[in-house]
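Engineer: The structure follows.
The values are calculated or read from the model by the stated rules, or taken from the named source; none is laboratory data. Predicted model, so just to flag it, every value in this text is computed and none were measured. Cβ placement follows ideal geometry from the backbone for every residue including glycine, while neighbour counts extend to all protein chains displayed. Keep in mind that these areas ignore ligands, DNA and RNA; they rest on the heavy atoms of the full protein, side chains included. Shrake-Rupley method; radii C 1.70, N 1.55, O 1.52, S 1.80 Å.
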Amino acid sequence: QVQVVESGGGLVQPGGSLRLSCVGSGSIDSIYTMGWYRQAPGKQRELVARITSGSSTTYADSVKGRFTISRDNAKNTVYLQMNSLKLEDTAVYYCNAVVRETTGWQSYNNWGQGTQVTVSS
């Protein structure tokens, strides 16, 4: 079984910064892609950023130039540095990991419980 746990959310003023972390554990042989998604009230979950095992990155247009995703493969950890936060960044942020499990199977549906990010003055 694979576990994914996020941390680092909180309340921040517009223009401020936060750093989210996500750790994968359990029956993981290797992690392919790790990604951050967010869901605001009344909206669908959307991709924020993702990073492959080779450190290739993808960002939503709304966060380009403000957010940076990075990973530490040795620690099965992905980070999301969020700068210049805006009111519209308020959402629950979820981490997803696509992994090769120790059984040899690839699994996609590995989600954390989410961490709340609130941007408010």
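Engineer: What dipole magnitude, in Debye to the nearest 20, does the chain give about its Cα centre under +1 on Lys/Arg Cβ and -1 on Asp/Glu Cβ? Working shown, then result.
Structural biologist: Details: 11 positive and 8 negative charges, 36 e Å.
That gives the chain a dipole magnitude of about 180 debye.
Engineer: Now a separate question. Accessible area per residue for the range 7-86 in Å², computed with a 1.4 Å probe and the full protein assembly in place, what is it?
Structural biologist: Details: 4110 Å² over 80 residues.
It amounts to 51 Å² per residue over the range 7-86.
Engineer: Would you kindly derive the ³J(HN,Hα) couplings of the range 59-70 from the backbone phi angles with the Karplus curve 6.51 cos²θ - 1.76 cosθ + 1.60 (θ = phi - 60°), listing them in order in whole Hz, with x for Gly and Pro?
Structural biologist: Using θ = phi - 60°, the values come out as 10, 5, 4, 5, 10, 4, x, 10, 10, 9, 9, 8 Hz.
Engineer: Another question, then. Step through the residues of the range 19-34 one at a time and calculate ³J(HN,Hα) from phi using the Karplus curve (6.51 cos²θ - 1.76 cosθ + 1.60, θ = phi - 60°), rounding each to whole Hz and writing x for Gly and Pro.
Structural biologist: 3J(HN,Hα) across the range 19-34, in whole Hz: 10, 9, 10, 9, 10, x, 8, x, 7, 9, 8, 7, 10, 7, 10, 10.
Engineer: Now for a separate question. Which Cα, out of Leu85, Gln113, Val98, lies furthest along the positive dipole direction of the range 70-121 (beta carbon charges, K/R +1, D/E -1)?
Structural biologist: Checking the options against the dipole of the range 70-121, the answer is Val98.
Engineer: To continue, here is another question. Filter the GluC sites (Glu not before Pro) in the range 1-101 down to the DSSP loop ones having no more than 10 other Cβ atoms within 10 Å, then list what survives.
Structural biologist: Values: sites: Glu6, Glu46, Glu88, Glu101; in loops: none.
Answer in residue order: no site qualifies.
Engineer: Spelling out what I want: for every residue of the range 75-92, take phi, set θ = phi - 60°, compute 6.51 cos²θ - 1.76 cosθ + 1.60 (Karplus), and round to whole Hz; glycine and proline get x.
Structural biologist: For the range 75-92, the Karplus-derived couplings read 9, 6, 10, 10, 10, 10, 8, 10, 10, 6, 5, 10, 4, 6, 7, 4, 4, 8 Hz, x marking Gly and Pro.
Engineer: Let me ask you something else. In whole percent, and with a 1.4 Å probe on the protein chains, what portion of the accessible area of the chain is carbon and sulfur? Each step should come with its number before you reach the end.
Structural biologist: Numbers: 2930 of 6360 Å².
Carbon and sulfur: 46 percent of the exposed surface of the chain.
Engineer: Under a 5 Å amide H to amide H cut-off, with H placed in plane at 1.01 Å, what residues pair with Gly16 once short-range neighbours are removed?
Structural biologist: Leu85
Engineer: Let's test the formula: R0 of 35 Å, r as the Cβ-Cβ distance of Trp105 and Gln44. What FRET efficiency results, to the nearest 0.05? If you can, show how the numbers build up before the last one.
Structural biologist: Numbers: r = 28 Å, r/R0 = 0.80.
Step by step, r from the Cβ atoms, then E = 0.80.
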